[in-house]
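I have placed the structure first, in the form of structure tokens, so that the comments after it can refer back to it.
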2 protein chains.
Amino acid sequence: MSPARSVFSNPPKKPALEDGIYTEEEVRLANRNSGSLLETLNHDITPTGAHYLLIHFDVPNIDPSLHNLEFGDGFDSPYSLSMEDIRSLPRITMPVTLECAGNGRSRLSPRSLSMPWGVEAVGTSEWTGTPLLPLVERAAPKPGTADFAFTAADRGFDKGMEHNFGRSLTPKELSELQVLLAYEMNGQPLLPQHGAPLRIIVPGWYGMASVKWLTRIDALQTRYQGFQQIQTYRYRNHPDETGTPVSEIRVKSLMVPPGLPDWISRLRFVRPGKTAITGRAWSGGGVPIRKVEFSDGDHWREAVLSRPVGHYAWTGWSFDWFAEPGEHVLRCRATDVKGNTQPLHSRWDASGFGNNMVQEVGVLVAEDP
Amino acid sequence: MSPARSVFSNPPKKPALEDGIYTEEEVRLANRNSGSLLETLNHDITPTGAHYLLIHFDVPNIDPSLHNLEFGDGFDSPYSLSMEDIRSLPRITMPVTLECAGNGRSRLSPRSLSMPWGVEAVGTSEWTGTPLLPLVERAAPKPGTADFAFTAADRGFDKGMEHNFGRSLTPKELSELQVLLAYEMNGQPLLPQHGAPLRIIVPGWYGMASVKWLTRIDALQTRYQGFQQIQTYRYRNHPDETGTPVSEIRVKSLMVPPGLPDWISRLRFVRPGKTAITGRAWSGGGVPIRKVEFSDGDHWREAVLSRPVGHYAWTGWSFDWFAEPGEHVLRCRATDVKGNTQPLHSRWDASGFGNNMVQEVGVLVAEDP
């Protein structure tokens, strides 16, 4: 509990994190951040409040009536927009599946010290706002713009560096991605913890790109060097590597765990016979799902897909499983139309990003437990 | 991941849980259940979705148009109510502060194996519904009724016992507590994870009493023996004791951690000088808060209280702290008008219930970190 100057002035050392044993810091982060409840995968749109939350610093307390979005440095026609201005612009609503880049981190061995997600950091909401690209074009980025920096109101320390949360997109990325400047979620004004009053949604990318509490956009002549772009959210084989940027979501699927749970272990009890298994599958960059397979052992069988909830939102799937008495590990595996599929074993990453290993659900099938 | 029959058929053994080291089960529960974000204590009403969530089994998926509340066994005039019936009854809205009985569990040594809450399992919502007492009276409980059992739709295993979540209140408790049959939260229909379409709110008691997904009420001639009433939610010095029931919330206060956080450790950095500290305080049974004290060391100084948000809802407080350079542990301590106050050290409980030990926030005050 005693504060330690080193936390603020030096990168904390990364302890070796043992499988199955977690630190105080990890539990504090898990208590603070929120996973989705897997049974809410039954809903096309994740119920408000059950969508995952990953908040690096503190939720800012912003008065929407005083909030402006500044198109600042590096534009020939800089300007700013109030929330009223933004709400009067062309309005679109789109369902988007967001997933935390660190989802699956705790399934890696060894794992890095950060939020110890299992499989639950995913959700789908209907986001309402206005397309960002025309607003950036209206500000007339100076010739030679190499990057657009998105700066947020939340501020804190990471690895000894004080900074506001910020991310960037290149002009090419911004022109290709359907980035939304969003002020509503599921038909209601954005909640404080989801970025109120204003955020971006970068569909098809992991959640770190969808900057919450957005305050300004700058056009840069060189690539953005913000902490959250350069120091983290990189795939690395070793913590000291430069690595490659985390961007599009990797193909994944989840099932609603069937039967009845045990409170502590979350293991499932299922009575023998026909059992409907349902779930969701999604991939990055708007790439559709081609198939989902289900297994209660070594054999994989194809599930039935339903229509995707949206171009950038998950696809439902179902499988009629005949539950035979015994102990089983249920798995599901999605493949997208580009042929990307989920690995059966984790791809290791030094920071625990992008782990799309298949989900495993332990089930006891019996007439009586 | 392999399911184990013993989980469903026998009480799991409680391992000795070491301070500062957490198990896989605890992290899984922490990922699934949600703590409040302490900075949202700035809001009189916790933003929807930032209210804590403790869900024993799975969130049921209930069609409100088919849902009925049965006044079943033990009544002379049993009847049932559809959601439409319930919405047409006299309607009241009240802000209520709910806290999980296990809040503070991870601050005990040793701690029991369950959801490893720090301090964050508390929130205040505006609940809308109809008073329950007249509806129970209308069903005419048979003479000699000793208990009213509230049965919910969620079902699962705990310590090897399969059961629906259920709780009870005695006729005396029901007549004294302002129990609300609630179908809205913060002006919106109940969210699935908060008990949709129908729950009770038992103001002034820890959250386990406020049964979600309510399906039936029975009047019993003997005391209710449901798992969640008898086997758990008891204060015990030893796991094998009968113990005494957990009921009213114990007096407590929390502060919004000041300054800027470190992402991983959540330690705070504050620049020297006047720093406004704000927070909330609450007690059980509608007992008002008499004072809140603040300390950055050994000395306690009284904070300024604001009007309570409601008879059963928390009271705001503020303190102008002059932050001197150095490392500090900030604490706050509430006392209610009955003289109940928060202990400086945890009262140990075998199941980790009712820990109202003062919050501790580690802060580094410096011009530069």
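The values are calculated or read from the model by the stated rules, or taken from the named source; none is laboratory data. Quick caveat: nothing in here was measured; it's all calculated off a predicted structure. With ideal geometry, Cβ positions are generated from the backbone for all residues, glycine too; neighbour counts draw on all protein chains shown.
Kindly indicate whether B:F8 is among the aromatic types (F, W, Y), within 11 Å of chain A (Cβ to nearest Cβ) and in contact (Cβ under 8 Å) with a residue 40 or more places away in the chain.
It is true that B:F8 is among the aromatic types (F, W, Y), within 11 Å of chain A (Cβ to nearest Cβ) and in contact (Cβ under 8 Å) with a residue 40 or more places away in the chain.
Taking only pairs six or more apart or across chains, which ones have beta-carbon atoms under 7 Å, a first residue in region B:325-344 that is touching a residue at least 12 places away in the same chain (Cβ under 8 Å), and a second residue that is acidic (D, E) and not in a strand (DSSP E or B)?
B:H328/B:D296; B:L330/B:D296
Which ones in region B:323-340 are assigned to a strand (DSSP E or B) and in contact with an Asp or Glu (Cβ under 9 Å, 6 or more places away or on another chain)? Lay out the reasoning, then the answer.
Residues of region B:323-340 that are assigned to a strand (DSSP E or B), as a first pass: B:323, B:326-336.
Hits for region B:323-340 are B:A323, B:H328, B:V329, B:L330, B:R331, B:C332, B:R333, B:A334, B:T335.
For region A:25-55, name all the residues that are outside any helix (DSSP H, G or I), among the polar types (S, T, N, Q), over 19 Å from A:T128 (Cα atoms) and facing chain B (nearest Cβ under 7 Å). Lay out the reasoning, then the answer.
Here is the first cut: in region A:25-55, the ones outside any helix (DSSP H, G or I) are A:33-37, A:43-55.
In the following step, the residues that additionally are among the polar types (S, T, N, Q) were identified as A:33-34, A:36, A:46, A:48.
Narrowing further to those that are over 19 Å from A:T128 (Cα atoms): A:33-34, A:36.
Once the filter is applied, which keeps residues that are outside any helix (DSSP H, G or I), among the polar types (S, T, N, Q), over 19 Å from A:T128 (Cα atoms) and facing chain B (nearest Cβ under 7 Å), region A:25-55 yields only A:S34.
So which residues in region A:317-369 are away from every other protein chain (no Cβ under 14 Å), more than 16 Å from A:H299 (Cα to Cα) and of a type outside the set (S, T, N, Q), if there are any at all?
A:W317, A:D336, A:V337, A:K338, A:G339, A:R347, A:W348, A:D349, A:A350, A:F353, A:G354
Counting only residues that are buried (at least 23 other Cβ atoms within 10 Å of the Cβ), more than 14 Å from the chain's Cα centre (by Cα) and hydrophobic (A, V, I, L, M, F, W, C), which one in region B:108-132 is farthest from the other protein chains (Cβ to nearest Cβ)?
B:L132
Just checking, which of A:T145, A:T124, A:T130, A:T151 is modelled with pLDDT of 95 or more, touching a strand residue (DSSP E or B) at 6+ places or on another chain (Cβ under 6 Å) and in a loop (DSSP other than H, G, I, E, B)?
Working: A:T124 fails: in a loop (DSSP other than H, G, I, E, B); A:T130 fails: in a loop (DSSP other than H, G, I, E, B); A:T151 fails: in a loop (DSSP other than H, G, I, E, B).
Among A:T145, A:T124, A:T130, A:T151, only A:T145 is modelled with pLDDT of 95 or more, touching a strand residue (DSSP E or B) at 6+ places or on another chain (Cβ under 6 Å) and in a loop (DSSP other than H, G, I, E, B).
Look at B:V136 and say whether it is in contact (Cβ under 8 Å) with a residue 60 or more places away in the chain, farther than 30 Å from B:F8 by Cα and away from chain A (no Cβ under 11 Å). Step through it out loud before you land on a result.
Working: in contact (Cβ under 8 Å) with a residue 60 or more places away in the chain: yes; farther than 30 Å from B:F8 by Cα: yes; away from chain A (no Cβ under 11 Å): yes.
Here the answer is yes, as B:V136 does meet what is asked.
Output the number of residues of region A:231-257 satisfying the condition of being surrounded by fewer than 21 Cβ atoms within 10 Å (Cβ to Cβ) and closer than 23 Å to B:V59 by Cα.
Count: 1.
Read through the list (1) part of a strand (DSSP E or B); (2) at the interface with chain A (Cβ under 9 Å from one of its Cβ atoms); (3) closer than 29 Å to B:T128 by Cβ, then give the number of the only condition that B:Y22 fails.
Here B:Y22 clears every test but (3).
Among A:L29, A:L54, A:L38, which is over 22 Å from B:T46 (Cβ atoms) and surrounded by 20 or more Cβ atoms within 10 Å (Cβ to Cβ)?
Values: A:L29 fails: over 22 Å from B:T46 (Cβ atoms); A:L54 fails: over 22 Å from B:T46 (Cβ atoms).
Only one candidate qualifies: A:L38.
Considering each of A:G362, A:G279 in turn, give the residue that is of a type in the set (G, A, S), assigned to a strand (DSSP E or B) and surrounded by fewer than 22 Cβ atoms within 10 Å (Cβ to Cβ).
Values: A:G279 fails: surrounded by fewer than 22 Cβ atoms within 10 Å (Cβ to Cβ).
From the options A:G362, A:G279, the qualifying one is A:G362.
Is there a residue in region A:188-196 that is part of a loop (DSSP other than H, G, I, E, B), among the aliphatic types (A, V, I, L, M) and under 14 Å from A:V96 (Cα atoms)?
So the first thing to find is which residues in region A:188-196 are part of a loop (DSSP other than H, G, I, E, B), and the list is A:190-191, A:195-196.
This time we only want the ones that are among the aliphatic types (A, V, I, L, M), so: A:190-191, A:196.
Keeping just the survivors that are under 14 Å from A:V96 (Cα atoms) gives none.
Taking every residue of region A:188-196 in turn, none turns out to be part of a loop (DSSP other than H, G, I, E, B), among the aliphatic types (A, V, I, L, M) and under 14 Å from A:V96 (Cα atoms).
What number of residues within region A:28-59 satisfy the criterion of being free of Cβ contacts under 8 Å to residues at least 40 places away in the same chain and in contact with a strand residue (DSSP E or B) (Cβ under 7 Å, 6 or more places away or on another chain)?
Result for region A:28-59: 1.
Mind telling me which of the residues A:G160, A:G187 ends up being modelled with pLDDT under 95, surrounded by fewer than 22 Cβ atoms within 10 Å (Cβ to Cβ) and more than 17 Å from the chain's Cα centre (by Cα)?
Values: A:G187 fails: modelled with pLDDT under 95.
It is A:G160.
So is A:D147 away from chain B (no Cβ under 14 Å) and buried (at least 18 other Cβ atoms within 10 Å of the Cβ) or not? Show your work before the answer.
Values: away from chain B (no Cβ under 14 Å): yes; buried (at least 18 other Cβ atoms within 10 Å of the Cβ): yes.
Criteria met by A:D147.
For region A:197-212, name all the residues that are within 16 Å of the chain's Cα centre (by Cα) and either in a helix (DSSP H, G or I) or farther than 23 Å from A:G285 by Cα (or both).
Once the filter is applied, which keeps residues that are within 16 Å of the chain's Cα centre (by Cα) and either in a helix (DSSP H, G or I) or farther than 23 Å from A:G285 by Cα (or both), region A:197-212 yields A:G207, A:M208, A:A209.
Say we look at region A:56-107 and pick out the residues that are within 14 Å of another protein chain (Cβ to nearest Cβ) and assigned to a helix (DSSP H, G or I); which of these is farthest from the chain's Cα centre (by Cα)?
A:P64
When you check B:R301 against the structure, is it of a type outside the set (A, V, I, L, M), within 14 Å of chain A (Cβ to nearest Cβ) and surrounded by fewer than 20 Cβ atoms within 10 Å (Cβ to Cβ), yes or no?
Numbers: of a type outside the set (A, V, I, L, M): yes; within 14 Å of chain A (Cβ to nearest Cβ): no; surrounded by fewer than 20 Cβ atoms within 10 Å (Cβ to Cβ): yes.
No.
Does region A:310-319 contain at least one residue that is among the aliphatic types (A, V, I, L, M) and farther than 22 Å from A:A121 by Cα? First the steps, then the outcome.
Our first condition is that a residue be among the aliphatic types (A, V, I, L, M); within region A:310-319, this holds for A:313.
Right, trim to farther than 22 Å from A:A121 by Cα and you get none.
Looking through region A:310-319, none of the residues is among the aliphatic types (A, V, I, L, M) and farther than 22 Å from A:A121 by Cα.
Checking the condition hydrophobic (A, V, I, L, M, F, W, C), in contact with a Pro (Cβ under 9 Å, 6 or more places away or on another chain), farther than 19 Å from A:G207 by Cβ and buried (at least 19 other Cβ atoms within 10 Å of the Cβ), which residue from A:A323, A:A313 passes? Don't jump to the end; show me each part of the working.
Numbers: A:A313 fails: farther than 19 Å from A:G207 by Cβ.
It is A:A323.
Residues of region A:167-179 being under 16 Å from the mean Cα position of the chain (by Cα) and assigned to a strand (DSSP E or B), which ones? Show your work before the answer.
As a first pass, look at region A:167-179 and keep what is under 16 Å from the mean Cα position of the chain (by Cα): A:167, A:179.
Answer for region A:167-179, where residues must be under 16 Å from the mean Cα position of the chain (by Cα) and assigned to a strand (DSSP E or B): just A:R167.
Can you name every residue in region B:175-210 that is over 20 Å from B:R91 (Cβ atoms), more than 13 Å from every other protein chain (Cβ to nearest Cβ) and in contact (Cβ under 8 Å) with a residue 24 or more places away in the chain?
Going through region B:175-210, the residues over 20 Å from B:R91 (Cβ atoms) turn out to be B:175-176, B:192-193, B:204-209.
Those still in the list that are more than 13 Å from every other protein chain (Cβ to nearest Cβ) too: B:175-176, B:204-207, B:209.
Hits for region B:175-210 are B:S175, B:G204, B:W205, B:Y206, B:G207, B:A209.
In region A:213-221, is there at least one residue being outside any loop (DSSP other than H, G, I, E, B), surrounded by 22 or more Cβ atoms within 10 Å (Cβ to Cβ) and within 14 Å of chain B (Cβ to nearest Cβ)?
Among the residues of region A:213-221, not one is outside any loop (DSSP other than H, G, I, E, B), surrounded by 22 or more Cβ atoms within 10 Å (Cβ to Cβ) and within 14 Å of chain B (Cβ to nearest Cβ), which makes the answer no.
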